[in-house]
1. For region 25-59, give me each residue that is within 16 Å of the chain's Cα centre (by Cα) and more than 16 Å from Glu76 (Cα to Cα).
2. Identify the single condition in (1) free of Cβ contacts under 8 Å to residues at least 24 places away in the same chain; (2) more than 10 Å from the chain's Cα centre (by Cα) that Val66 does not satisfy, given that it satisfies every other one.
3. Can you pull out every residue in region 69-83 that is loosely packed, with under 14 Cβ neighbours inside 10 Å and either touching a residue at least 40 places away in the same chain (Cβ under 8 Å) or not in a helix (DSSP H, G or I) (or both)?
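All of the numbers you see were taken from the coordinates with simple rules; none came from a lab. Since the structure is predicted, the reported quantities are computational estimates derived from the model, not experimental observations. Neighbour counts run over all protein chains shown; Cβ positions are idealised from the backbone, glycine included.
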Amino acid sequence: MADNDSSTQAQSPLAQAQNSLDHAYNAISHAMSHPNETTINDAKNALERAERAVDGAGNNPNQTVVAALENELAEEQDNLSSL
C-alpha cells in the first residue's frame, strides 16, 4: 500500500496565507451579518492570524502573489474596521 505524501505535505507560506485570508473573510462576513461580541472577536482573531500568515509569506520571490495577498488583507482590515 503506497503512502499518500500529498496528504502529509506541509503547506507553503503562500497557501497558508491564502487559507488564513479565506478564514478571515468568512469570519468577518459572519460578524458583519450577525454582529455581536463573539463574532467580532472571532473576526479579529482570524484577521490577526491572517496578518501573521501574510507577513510570513512576504519573503516569497513571487511578489505579485504577495502583493495580491497584501491587498486582500487590507480589504479585510477595512471591512473589520467598519464594525
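1. Within region 25-59, Gly56, Ala57, Gly58 meet the criteria.
2. Only one criterion is unmet by Val66, namely (1).
3. Listed by number, the residues that qualify are Ser82, Leu83.
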